[in-house]
Amino acid sequence: MKTLFIDTNIIIDLIAQREPYYQPIAKIATLAESKKLKIIATPLSFINTFYVLSKHMDKKKLSRILTKLRILCDVAPTNANTVDKALASGFNDFEDAVHYHSALTVKSDIFITRNKKDFKKTEIPVMTAAEFLTSINKK
């Protein structure tokens, strides 16, 4: 079973149904629901998603949605070691660095993000949701 690590934007795109990103992410969520792959996120993703979307959605509804998503996603540990590695990594975006180093910690197979520009040399493949779906459809 493939383990996918998703960042904050992926969760926001899924919940807010933001196009053109929503359809591939919804398909990934369906695969996770059917236990064909495993999704992991950081606590930071849940916090940032709640913060961003609470400005546009009812907070109780958003909390219910995130609770359901939490059942679907495992939560990666983010500790001082992860933060130290992220700070030393040279990423332009600190949040991306924390997510990426958390993905390494849990030995994720693939890192799913909307914006790949900050991921130059990586130890695990970095893909968009659409690229991931294309890769599994080729097999």
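The values are calculated or read from the model by the stated rules, or taken from the named source; none is laboratory data. What you are looking at is a predicted structure, and each value in this text was computed from that prediction instead of being measured. Every residue, glycine among them, receives a Cβ derived from its backbone with ideal geometry; neighbour counts consider all protein chains shown. Keep in mind that these areas ignore ligands, DNA and RNA; they rest on the heavy atoms of the full protein, side chains included. Shrake-Rupley method; radii C 1.70, N 1.55, O 1.52, S 1.80 Å.
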Extension length gain for residue 2 and residue 17 (0.36 nm per residue less Cα distance), in nm, is 3.0 nm
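Relative contact order of the chain, please, whole-number percent, based on alpha carbon pairs below 8 angstrom and at least 6 residues apart.
About 30 percent, as a whole number.
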Listed by chain and number, the residues whose amide H is under 5 Å from that of residue 3, excluding neighbours fewer than 5 places away on the same chain and using placed H, are 38, 109, 110
Using a Gaussian network model on the chain with a 10 Å cutoff between Cα atoms, which of 66, 44, 31 fluctuates the most? 31
Taking the Cα of residue 122, stepping 7 Å toward and past its beta carbon, and measuring to each backbone N in region 1-44: which are under 12 Å? 4-7
Within region 54-110, list the trypsin sites (Lys or Arg not before Pro) lying in a DSSP loop whose Cβ has at most 15 other Cβ atoms in a 10 Å radius. 55, 107
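Under Stokes-Einstein, with the Kirkwood radius over Cα pairs standing in for Rh, what whole-number D in µm²/s applies to region 1-82 at 37 °C and 0.692 mPa s?
Estimated via Stokes-Einstein, D reaches 252 µm²/s.
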Part-to-part distance (alpha-carbon centres) for region 75-92 and region 123-139, which is given in Å: 24
Where a label projected 7 Å from the Cα of residue 109 along Cα→Cβ would reach, residues of region 33-54 with amide N under 16 Å: 33-41
Normalised per residue, the volume of the convex hull around the Cα set of region 31-139 (Å³): 125
Only helical DSSP H runs with n ≥ 4 go in: add -39500 (n - 2.57) per run for the chain, normalise by residue count and round the 222 nm mean residue ellipticity to 500 deg cm²/dmol. -16500 deg cm²/dmol
Solvent accessible area, Å² - residue 95, 1.4 Å probe, full protein context: 50
Farthest toward positive dipole pole in the chain [+1 Lys/Arg, -1 Asp/Glu at C-beta], among 32, 14, 57: 32
Filter the trypsin sites (Lys or Arg not before Pro) in region 1-52 to those in DSSP coil with at most 14 other Cβ atoms within 10 Å of their Cβ, and list the result. 18, 35, 36
Heavy atoms only, 1.4 Å probe, whole protein assembly: order 56, 101 by accessible area, highest first. 56, 101
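Any idea what the dipole of the chain comes to, in debye rounded to 20, about its Cα centre with Lys/Arg Cβ at +1 and Asp/Glu Cβ at -1?
So the magnitude is around 480 debye.
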